[in-house]
1. Using Cβ counts within 10 Å as a stand-in for footprinting exposure, how do Asp113, Asp90 rank, fewest first?
2. I'd like the per residue volume of the convex hull spanned by the Cα atoms of region 68-161, given in cubic angstrom.
3. If packing is taken as the average count of other Cβ atoms within 10 Å, what order do 124-132, 259-267, 298-306, 226-234 fall into, highest mean first?
4. How far apart, in nm, are two points set 7 Å out from the Cα along the Cα-to-Cβ line at Asp204 and at Gln7?
5. Dividing the alpha-carbon Rg of the chain by 2.2 N^0.38 Å yields what?
6. In deg cm²/dmol, rounded to 500, what helix-only [θ] at 222 nm does the chain give when every DSSP H run of at least 4 residues adds -39500 (n - 2.57) and the total is split over its residues?
7. Can you check what the net charge comes to around Met79, using other residues whose Cβ is under 9 Å from the Cβ of Met79 (Lys, Arg +1; Asp, Glu -1)?
8. In which sequence would Val257, Val207 go, from the one with the fewest C-beta neighbours within 10 Å to the one with the most?
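Each reported figure results from applying straightforward, stated rules to the coordinates on display, with no laboratory input. In this text, all values refer to a predicted model and were calculated from it rather than measured experimentally. Quick reminder, even Gly has a Cβ in these numbers, built from the backbone with ideal geometry, and neighbours come from all protein chains shown.
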Amino acid sequence: SPQAFQQWHGDKFSMFIHFGLYSQLGGVWNHQQIQDGYSEQIRAFAQIPQEEYEKLASEFNPTAFNADSIALLAKKAGMHSIIFTSKHHDGFCLFKTATTPFNSYDASPCKRDFVKELAEAAHRQGLRFGLYFSLIDWHYPYASPMSPHNADFITEAHHNYTKQQLKELLTRYGTISELWFDMGSNTPAQSKELYEMVHQYQPDCMVSGRLGNDQYNFCVMADNDYPEKTLHAPWQSAASMFNETWGYRSWQERGKVEDKVREKILSLINVVSRGGNYLLNIGPKGNGEVVDFEKEVLEQMGNWLSRYGYA
Ligand code: JFZ
């Protein structure tokens, strides 16, 4: 609805969080820095066997992950919503789910539902809360392209699995401001079904264009990008702190905080002045701690915004 769009458009500046089992590796496997690919996709780029990757779940205990301080950081930065990786390509669910034991509540010593913690913390701070959800799943046996059938499209079984998880996500955590579906090869019918399902449970939830087949409420620009021409559709620019990764990378060269603040404020201005929403990512460490550099960047952006009366 136009009202849902207006509300979403009003967010302007939001926090993206990439956090999962991969955060524990920080871009390192077998004592090697994995240079290829994003660190959140290390399972694929370092070709980690499934059993080895599953062990990470049994060690996952992010005691320093504090949803309230993350929500407070977002608020201080001048952000109006938080988008969290409920499930990335590795298939590990950061929420309690009946669909698979491969989740942070059942497979990990922490027994925590991070979607719940963040949804509640965001709402307590008056922030909106949305979800990243991967349509690719490297853990689900009937997923494409991992399935033995090696289907070109998402299999019916995988599609049903997605629907069950989405129903949980859309009904248990209060208002969901947006669903940031990430690329999968849906059939047009599958995309349409997911699109309609989201609005059945959350009428005002904005759906990302990466659901595919033109079933969307907003377009996502290529990472860190903005359109050259005026777009007549709602759009968002998602940005990582460093172009090579969204998930935590322990060996990242970060440079000076001031330089990053300048770069990201410029991006924020370029995006928002053209009518887009700017979604800036943080990648907490495996223990849940926000990287100091990223915390400082966000705090200084917030200081800049509040100096001019915007936050
Ligand atoms: C996807 C994910 O594969 C990645 O791990 C991360 O979560 C990111 C936010 O989203 O990666 C993409 C998808 C599309 C583009 C770039 C990266 N694109 O269209 O430019």
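1. Asp113, Asp90
2. 104
3. Final packing ranking: 124-132, 298-306, 259-267, 226-234.
4. Result: 0.2 nm between the two label points.
5. 0.94
6. It comes out at -10500 deg cm²/dmol, rounded to the nearest 500.
7. +2
8. Lowest count first: Val257, Val207.
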